[in-house]
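Engineer: Structure incoming, see below.
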């Protein structure tokens with residue numbers, strides 16, 4: 001069964017991220033930000049960020065993905081603002097500089113790394129200590145449970161609900177999933193301050209693509225529905241993905257001299 005387009009499924013993330021980039025540019029007083037995309041692959045987010053005028057470094061272990069990134073950046077006319085380097089989050093500072101980035105993207109990464117807490121600490125350490133923004137996108141537990149149940153796989157749904165990693169069985173391609181509470185706790189444990197949490201793909205993965213294609217204005221209406229539900233906790237808990245924005249907290253100002 002076909003699903004609505006990928007652009008619809010990432011629209012909420014992109015809208016939030018674009019606003020965060022604008023805010024970070026104002027706070028830092030720099031029109032051109034330095035952005036790090038860990039595990040950024042072929043540039044689904046890196047290239048649009050570069051189109052906004054920022055410089056993006058993509059770290060990914062796959063040479064094929066980096067080749068695709070280079071081609072996509074060239075086709076989009078932003079090759080001079082996108083740099084791809086081969087590496088992973090465990091050895092992040094073998095290939096990029098610590099504390100050098102205004103914004104770090106950690107999208108689709110924490111589900112796969114062996115130690116999410118360790119991987120997250122590395123991504124946070126790449127942020128400028130005087131101020132930076134972290135964007136985290138992960139798979140949500142509730143969305144997987146709901147999808148398996150609606151497909152009639154009730155035992156798998158229950159297994160996902162009760163297993164430590166949120167996996168529905170040995171055939172599950174996803175190594176790990178998070179609840180909103182687990183993800184926000186993981187991020188705040190690094191010392192960052194969570195600014196916002198959004199549920200992503202609350203409905204898009206459940207709606208047949210044929211329905212969206214045949215009903216007039218259905219795609220736009222579904223996009224508005226996704227946006228409206230994204231900030232509501234009840235719907236975040238059943239989203240296919242979770243998106244969190246977090247920031248380096250401001251440093252305390254020194255008090256008056258005694």
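Values quoted throughout were computed directly from the atomic coordinates according to the rules given, and no laboratory measurement underlies them. Model, not experiment: these values are computed from the prediction. Neighbour counts are summed over all protein chains in view; Cβ atoms, including those assigned to glycine, are modelled from backbone coordinates with ideal geometry.
Engineer: What distance in nm separates the simple spin-label points at residue 93 and residue 224, each placed 7 Å from Cα in the Cβ direction?
Structural biologist: 4.9
Engineer: Separate question: Can you give the % of DSSP beta bridges in the range 1-92 that are antiparallel, to the nearest 5? Don't skip to the end; give the middle numbers.
Structural biologist: Details: 0 of 10 bridges.
Of those bridges, close to 0 percent are antiparallel.
Engineer: Now a separate question. What FRET efficiency comes out for the pair residue 118/residue 211, r = Cβ-Cβ distance, R0 = 30 Å, nearest 0.05? Let's see the in-between values first.
Structural biologist: On the way: r = 42 Å, r/R0 = 1.42.
So the FRET efficiency works out to roughly 0.10.
Engineer: Would you work out if the range 1-122 is rounded, prolate or oblate? Take a ≥ b ≥ c from the square roots of the eigenvalues of the alpha-carbon gyration tensor; rounded if a/c is under 1.5, else prolate when a/b is larger than b/c, oblate otherwise. Walk me through the intermediate numbers first.
Structural biologist: Values: a/c = 1.22, a/b = 1.03, b/c = 1.19.
In terms of gyration-tensor shape, rounded.
Engineer: Taking each pair of different alpha-carbon atoms in the range 151-218 once, compute 1/r for the pair, average those values, and report the inverse of that mean as the Kirkwood hydrodynamic radius in Å to one decimal.
Structural biologist: Details: mean 1/r = 0.0667 Å⁻¹.
This gives a value of 15.0 Å.
Engineer: Would you mind ranking 60, 172 so that the residue whose beta carbon has the fewest other beta carbons within 10 Å leads the list?
Structural biologist: On the way: 60 24, 172 18.
Least crowded to most crowded, the residues run 172, 60.
Engineer: Next question, about the same structure. Report the FRET efficiency, 1/(1 + (r/R0)^6), for residue 130 and residue 80, where r is their Cβ-Cβ distance and R0 is 30 Å, rounded to 0.05.
Structural biologist: Numbers: r = 27 Å, r/R0 = 0.89.
So, using R0 = 30 Å, E works out to roughly 0.65.
Engineer: Moving on. Arrange the following residues from fewest to most other Cβ atoms within 10 Å of their Cβ: 81, 30. Spell out each step's value before the answer.
Structural biologist: Details: 81 20, 30 12.
Lowest to highest Cβ neighbour count: 30, 81.
Engineer: Among (i) 18.9, 72; (ii) 17.4, 51; (iii) 17.8, 55, which is the computed Rg and Dmax of the Cα atoms in Å?
Structural biologist: (i)
Engineer: Considering only 159, 198, 243, give the residue with the highest GNM mean-square fluctuation for the chain, with springs between Cα atoms whenever their separation is below 10 Å.
Structural biologist: Highest fluctuation of the listed residues: 159.
Engineer: Out of the DSSP beta bridges found with both residues in the chain, what percent are antiparallel (nearest 5)?
Structural biologist: On the way: 14 of 35 bridges.
Once the DSSP bridges in the chain are tallied, antiparallel ones form about 40 percent.
Engineer: Listed highest first by mean packing, meaning other Cβ atoms within 10 Å per residue, what order do 142-149, 127-134 come in?
Structural biologist: 142-149, 127-134
Engineer: At a 10 Å Cβ-Cβ cut-off, how would you order 57, 214, 188, fewest neighbours first?
Structural biologist: Numbers: 57 22, 214 9, 188 13.
Exposure proxy ranking, most exposed first: 214, 188, 57.
Engineer: Pick from 207, 13, 103: which is most flexible by mean-square fluctuation in a GNM of the chain where alpha carbon atoms under 10 Å apart are linked?
Structural biologist: Taking springs between Cα atoms under 10 Å, the residue moving most is 207.
Engineer: Given a Förster radius of 25 Å and the C-beta distance between residue 67 and residue 14 as r, what FRET efficiency does 1/(1 + (r/R0)^6) yield to the nearest 0.05? Don't jump to the answer; show the numbers that get you there.
Structural biologist: Working: r = 24 Å, r/R0 = 0.96.
Rounded to the nearest 0.05, the efficiency is 0.55.
Engineer: Between 27, 161, 242, find the one with the highest GNM mean-square fluctuation for the chain; connect C-alpha pairs within less than 10 Å.
Structural biologist: Maximum among the listed residues: 27.
Engineer: How far is it, in nm, from the label point at residue 163 to the one at residue 188 when both lie 7 Å from their Cα along the line to the Cβ?
Structural biologist: The answer from the label model is 2.9 nm.
Engineer: Which residues in the range 80-118 have a backbone N closer than 20 Å to a point placed 7 Å from the Cα of residue 26 along the Cα-to-Cβ line?
Structural biologist: Under 20 Å, as judged by backbone N against the label point of residue 26, lie 102-104 of the range 80-118.
Engineer: Moving on to the next point. For the range 115-258, what class follows from the C-alpha gyration tensor (a ≥ b ≥ c being the square roots of its eigenvalues): rounded when a/c is under 1.5, otherwise prolate if a/b is larger than b/c, else oblate?
Structural biologist: Numbers: a/c = 3.04, a/b = 1.65, b/c = 1.85.
Oblate, since a/c reaches 1.5 and b/c is not below a/b.
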